[in-house]
1. Report yes if some residue within the stretch 115-127 is under 11 Å from Pro174 (Cα atoms), at pLDDT 95 or above and either polar (S, T, N, Q) or surrounded by fewer than 22 Cβ atoms within 10 Å (Cβ to Cβ) (or both); otherwise report no.
2. What single numbered condition from (1) outside the structural domain of Phe96 (by TED's automatic domain parsing); (2) closer than 22 Å to Asp233 by Cα fails to hold for Asp20?
3. Are there any pairs, at least 6 apart or on different chains, whose C-beta atoms fall under 7 Å, with the first in the stretch 247-266 and without any contact (Cβ under 8 Å) to a residue 60 or more places away in the chain and at positive phi and the second surrounded by 13 or more Cβ atoms within 10 Å (Cβ to Cβ) and of a type in the set (A, V, I, L, M), and if so, which?
4. Give the stretch 149-187 a look and list any residue that's part of a loop (DSSP other than H, G, I, E, B), in contact (Cβ under 8 Å) with a residue 40 or more places away in the chain and either hydrophobic (A, V, I, L, M, F, W, C) or out of contact with any Cys (no Cβ under 9 Å at 6 or more places or on another chain) (or both), or say none.
5. State all residues of the stretch 222-279 that are over 30 Å from Val17 (Cβ atoms), basic (Lys, Arg) and touching a Lys or Arg at 6+ places or on another chain (Cβ under 8 Å); if no residue qualifies, say none.
6. Enumerate the strands (runs of 3 or more DSSP E) found wholly within the stretch 1-94, keeping only those where 1 or more residues are farther than 26 Å from Pro216 by Cβ.
Amino acid sequence: MKLATLRLPTGTTAVRVDDDAYVEIGAADVGELLAMPDWREVVDAADGPRHSLDDAELAQLIERPGKVVCVGLNYRTHILEMGRDLPEHPTLFSKFADALVGPTDDIVRPAETEEFDWEAELAVVIGSTVRRARGAEAEEAIAGFTVLNDVTARDWQFRTREWLQGKNWDSTTPIGPVLVTPDELPGGVRPDLAISLTVDDEVMQKDSTADLLFDPVALVEYVSTMIRLNPGDVIATGTPGGVGHARKPARYLTGGEVVVTEIEGIGRLVNHVVREAEQA
């Protein structure tokens with residue numbers, strides 16, 4: 001199944017994505033839906049108002065995830081281009097919910113950075129509460145997958161050894177457009193999907209999620225070892241090679257660009273980059 005969150009004049013609503021329409025489910029967003037213990041049955045039975053696939057506006061998939069856990073250095077190509085050794089354990093950092101925006105919303109480039117970079121990522125969305133999950137329990141905790149662009153202020157990221165300040169600028173991180181359950185994707189909970197990113201139609205990143213060093217199940221196991229994962233939590237699995245910071249010469253987003261982040265079988269994010277003072 002595919003799920004999304006629509007932006008309506010009255011607010012937001014979670015929907016099932018059918019071939020011909022978005023069907024309201026009875027929750028404000030996908031995060032609220034996943035908090036229902038029987039959310040799969042609720043989705044299957046949904047028969048609410050219908051909205052045109054062409055005219056409806058997609059909102060941020062999960063409005064206020066309790067946790068967004070991000071993984072750095074998880075594609076072999078990206079690790080090598082950044083001049084690092086393959087890590088023994090996942091490199092983790094957190095992202096705050098205020099950094100997230102919808103799949104067609106503007107990416108806001110803050111005035112404080114001169115090194116604003118892109119990072120196409122497969123994101124895992126959690127569908128049940130787990131702690132120290134292993135094997136089948138970790139697999140079953142994965143509600144589905146979506147697309148995320150972990151836009152990064154590199155000059156702030158590398159001010160210290162900790163990356164938090166480079167990854168958490170307000171309204172910089174699009175997520176969506178939909179959540180796709182593992183049964184609809186090649187490879188299931190370990191999907192093998194083409195992932196790409198373009199800037200003004202120029203291909204910057206192109207790889208396969210099969211190149212992940214730590215796959216989604218391994219990441220659920222690892223993260224849930226230290227902290228409880230809850231429905232609606234997100235794990236961003238890392239980015240492939242092709243980021244602007246690693247190019248020679250380096251390339252960054254300055255404002256005015258259109259960035260398209262796409263994963264096969266899930267969909268695409270299409271976002272304009274605007275300087276903060278230019279935002280309407």
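The values are calculated or read from the model by the stated rules, or taken from the named source; none is laboratory data. On a predicted model such as this, the values are computed, not experimentally measured, just so you know. Here the Cβ is made from the backbone with ideal geometry for all residues, glycine too, and neighbour counts use every protein chain on show.
1. The answer is no, given that none of the residues of the stretch 115-127 is under 11 Å from Pro174 (Cα atoms), at pLDDT 95 or above and either polar (S, T, N, Q) or surrounded by fewer than 22 Cβ atoms within 10 Å (Cβ to Cβ) (or both).
2. Of the numbered conditions (1) outside the structural domain of Phe96 (by TED's automatic domain parsing); (2) closer than 22 Å to Asp233 by Cα, the odd one out for Asp20 is (2).
3. Gly256/Val273
4. Val151, Glu162, Trp163, Asn168, Trp169, Asp170, Ser171, Thr172, Thr181, Leu185, Pro186, listed by residue number.
5. Result: Arg275, single match.
6. Passing ranges, in order: 2-8, 11-17, 22-24.
So that you can scan it fast, the table gives a plain yes or no per residue for (1) closer than 29 Å to Lys248 by Cα; (2) surrounded by fewer than 17 Cβ atoms within 10 Å (Cβ to Cβ):
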residue	(1), (2)
Val69	no, no
Ile79	yes, no
Met82	yes, yes
His89	yes, yes
Phe93	yes, no
Arg131	no, yes
